[in-house]
Amino acid sequence: MNSDLVPSAFLSGISAHLPEQVETNQDLDAEFPDWNMSKIGAKTGIFERRIAAESETAADLAFRAARKLFSSGICNESEVDFLIFCSQTPDHIAPATSCILQSRLGLPSTCGAVDVNVGCSGFVYSLALARGLICSGQCEKVMILTAETYSKIISKDDRSNRALFGDAAAATLVSSQCLAGSFPTYRIGLSVLGTDGTGAPHLIVESGGFRQPSSSGKKPLLFMNGPEVFSFTLKVVPQVLNQLLERAGLSLDDIDLIVPHQANAHMLNFLRESIGIAPEKFVIDLADCGNTVSSSIPLALTRHANLFLKAPPRRMILLGFGVGLSWGATLLTCEYPNAL
Amino acid sequence: MNREGFFKLLEEILEEQSDSIAGDEELSQFSGWDSLGMVAFIGVADNKLGVSIAPADLVNAESVGDLLALVAAKLD
């Protein structure tokens, strides 16, 4: 088949939204005086994070991110024909939060809507799903809303996780046509996705579903075994990257930028060394927002938007990994403006 | 890598002074031996020594000697 006739999917626009409340390392220092937050901050690379208000949900943050994307003029509400809401902190057990957001955002009733419960690899998974919807001819414009409020599932006494995670949302437009906007347009290429459910206990909110209902008295709280999650990351992510490069017929030298899930700088520096890529080609950008789970990659991308418009990386790889345990890698190739 | 080289790496990981680790210390005496310290140990073992350390083995390690034995067993 002529490659020109193969349908393509493009990442055409991204907007992010952070809640207003800032929690700094100094705030955590005051709460946990026996803990050396400046030392922790120096290691994790996280100095402050945003926390959603008590009545503010992931859907509220996603709504704001989506509004910002529409305001950019890249498309309007009536054009969206599919909505993916990627979150592990939905508004309700039922209905899907994507259905509520379809109504709140004024998207047409012809728009499909689905919730995707994936965490740190959620953006990569959602891109792969959106690409599938577009390349199969089902849709022309898919909106991905990644949004998390992990602050609501972290115990106030859990200083380690409070130091790492922050709340955020991002809205991403995936389209069948190359659209010029406030972010360079990237053709979404191959994805490599994977799962190892044997690692589920290492990063889990055990209660609050129906295995351990909230009525049992156990609050839904996040547990993370950091060393286990890191060990998995160090083992799996370089392999996934190599699989993607092999399938794309590329080498690491062909890649201008890797944007990994922004877990924490401590882990990411070891991962970068293990991959063997220069620091300037490996994005670590979470000092003022922390680990924002499925929004961490799109959030990092929006922070580079102005730079990318002037000098867009020709090829980027996005790497997602975490809760599941789950992972994914996707290749992005710049279409507009033309890469140097 | 010899014992002294390993102790130097451990001093860096735990952010302890140079030549402060002799090999008979309990890990519980180091403030740096926390979750982040374990992550650093796994990362350094992988990147600098080329050995993969299971986190479960770290949880069971009680002393510097236990860590040395873990790495030595992998290097053999």
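Read-outs throughout are calculated quantities, based only on the coordinates presented, and are distinct from any laboratory measurement. Remember, predicted model here, so these are calculated numbers, not experimental data. Ideal geometry is used to build each Cβ from the backbone, glycine not excepted, and the neighbour counts take in all protein chains shown.
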Q. How are the Cα pair distances of the range A:62-103 distributed, in percent, across 5 Å bins from 0?
A. 5, 20, 31, 23, 13, 7, 1
Q.
I'd like the Kirkwood hydrodynamic radius of the protein assembly as shown, using the inverse of the mean 1/r over distinct C-alpha pairs, in Å.
A. 22.3 Å
Q: Write down the Å³ per residue value for the convex hull defined by the alpha carbon atoms of chain B.
A: 79 Å³
Q.
Quick check on the range A:3-109: take the gyration tensor over C-alpha atoms, sort the square-rooted eigenvalues as a ≥ b ≥ c, and tell me if it's rounded (a/c under 1.5), prolate or oblate.
A. prolate
Q: In square nanometres and to one decimal, what's the mean projected area of the convex hull around the Cα atoms of the range A:36-98?
A: 6.9 nm²
Q. Under a straight-distance cross-link criterion of Cα-Cα below 20 Å, which aspartates and glutamates are reachable from A:K281, leaving out those fewer than 8 residues away in the same chain?
A. A:E246, A:D253, A:D254, A:D256, A:E273, A:E335
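Could you list A:E23, B:E12 in order of exposure, starting from the residue whose Cβ has the fewest other Cβ atoms within 10 Å?
On the way: A:E23 18, B:E12 13.
Least to most surrounded, the residues fall as B:E12, A:E23.
Which of the peptides A:207-217, A:276-286 is most tightly packed, and how do the rest follow, judged by the mean count of other Cβ atoms within 10 Å per residue?
Working: A:207-217: 11.1, A:276-286: 15.5.
Highest-to-lowest ranking by the protection proxy: A:276-286, A:207-217.
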Q. Hey, fewest Cβ within 10 Å first, where do A:M267, A:M143 land in order?
A. A:M267, A:M143
Q: Pull up the cross-link candidates among the lysines for A:K219, meaning alpha carbon to alpha carbon under 25 Å and not fewer than 8 places away within one chain.
A: A:K152, A:K156
Q | 10 Å Cβ neighbours from other chains, averaged over peptide B:41-49 | A | 5
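When a footprinting reagent is the concern and you count Cβ atoms within 10 Å, what order do A:S103, A:S191 take, fewest first? Don't jump to the answer; show the numbers that get you there.
Working: A:S103 10, A:S191 21.
Listing A:S103, A:S191 from fewest to most nearby Cβ atoms yields A:S103, A:S191.
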Q | lysines whose Cα lies under 28 Å from that of B:K8, excluding same-chain neighbours fewer than 8 positions away | A | A:K39, A:K43, A:K235, B:K48, B:K74
Q) What is the local net charge at A:T149, summed over the other residues whose Cβ is closer than 14 Å to its Cβ (Lys, Arg +1; Asp, Glu -1)? A) -3
(Q) For A:N36, project a label point 7 Å along Cα to C-beta. Then give me every residue of the range B:26-64 with its amide nitrogen under 11 Å of that point. (A) B:30-33
Q: Report Rg (one decimal) and Dmax (nearest whole number) for the range A:203-277, counting Cα atoms only, units Å.
A: 17.6, 54
Q. Hey, how much of the P(r) for the range A:220-340 falls beyond 19 Å, as a percent of Cα pairs?
A. 47 percent
